[in-house]
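Q: Starting off with a structure, shown below.
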Amino acid sequence: GARQQTNLCNESLMLEKLPACGKSFEEMMKKVDSKKWCNLTEFIMYYDNFTQCTEREANNASCFWPNPLAEGFITGIHKQFFSNCTSEKVHWEDPPDEILVTLILIPVMLTCAMITLVVWCSKRSDIL
């Protein structure tokens, strides 16, 4: 029978081409103040171009994307530009007791008022 020819991933070609994507991203990131590197909205178009470039180069080398080698390259770029962008964990605290009691009592009182209104209206059906 006919054998289907499969293209094997040329990893060395891909690894040769990916640095061009990184260099292009680096040039674009020079336009962004380094203090704003943690704000994705400042460079989202540059990052999109970078990911499209890595995907294109992986596909040109007959490799799927993402793959472990491409991911390793992308991780290196992340370490280079975004290593100081740690997500700070928010420490949640309960509100002061006065506010907490108010937030609890308001729905309880509204529920009681609605029940009272429904019962009162049902007993006064002659008006309706």
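Q: Answer yes or no: is there a residue in region 78-90 that is assigned to a helix (DSSP H, G or I) and acidic (Asp, Glu). Give the derivation first.
A: Filtering region 78-90 down to residues assigned to a helix (DSSP H, G or I) leaves 78-82.
Checking the rest, the ones that are also acidic (Asp, Glu) come to none.
Scanning region 78-90 turns up no residue that is assigned to a helix (DSSP H, G or I) and acidic (Asp, Glu).
Q: Take the residues of region 38-50 that are open to solvent by 60 Å² or more (accessible area, probe 1.4 Å) and in a loop (DSSP other than H, G, I, E, B): which is nearest to Gly76 (Cα to Cα)?
A: Cys38
Q: Looking at this structure, is Phe73 assigned to a helix (DSSP H, G or I), in contact (Cβ under 8 Å) with a residue 12 or more places away in the chain and in contact with a Leu (Cβ under 8 Å, 6 or more places away or on another chain)? Don't jump to the end; show me each part of the working.
A: Working: assigned to a helix (DSSP H, G or I): yes; in contact (Cβ under 8 Å) with a residue 12 or more places away in the chain: yes; in contact with a Leu (Cβ under 8 Å, 6 or more places away or on another chain): yes.
It is true that Phe73 is assigned to a helix (DSSP H, G or I), in contact (Cβ under 8 Å) with a residue 12 or more places away in the chain and in contact with a Leu (Cβ under 8 Å, 6 or more places away or on another chain).
Q: For region 81-95, state whether one or more residues are at pLDDT 90 or above, at negative phi and touching a Phe, Trp or Tyr at 6+ places or on another chain (Cβ under 6 Å).
A: yes
Q: Here are the criteria: (1) open to solvent by less than 30 Å² (accessible area, probe 1.4 Å); (2) at positive phi. Tell me which single one Ile77 does not satisfy.
A: (2)
Q: Determine which member of the set Lys35, Lys17, Lys30 is open to solvent by 80 Å² or more (accessible area, probe 1.4 Å) and under 21 Å from the mean Cα position of the chain (by Cα). Even if it seems obvious, please write down each step before you answer.
A: Numbers: Lys17 fails: under 21 Å from the mean Cα position of the chain (by Cα); Lys30 fails: under 21 Å from the mean Cα position of the chain (by Cα).
One residue alone meets the criteria, Lys35.
Q: Among the candidates Ser62, Ser12, which residue alone is at positive phi and either modelled with pLDDT of 95 or more or out of contact with any Pro (no Cβ under 8 Å at 6 or more places or on another chain) (or both)? Can you show your working first?
A: On the way: Ser12 fails: at positive phi.
Exactly one of Ser62, Ser12 is at positive phi and either modelled with pLDDT of 95 or more or out of contact with any Pro (no Cβ under 8 Å at 6 or more places or on another chain) (or both), namely Ser62.
The values are calculated or read from the model by the stated rules, or taken from the named source; none is laboratory data. If you're wondering where the values come from, they're calculated on a predicted model, not measured in any experiment. Neighbour counts run over all protein chains shown; Cβ positions are idealised from the backbone, glycine included. Each accessible area value is taken on the protein alone, full model and side chains, heavy atoms only, with ligands, DNA and RNA left out. Shrake-Rupley method; radii C 1.70, N 1.55, O 1.52, S 1.80 Å.
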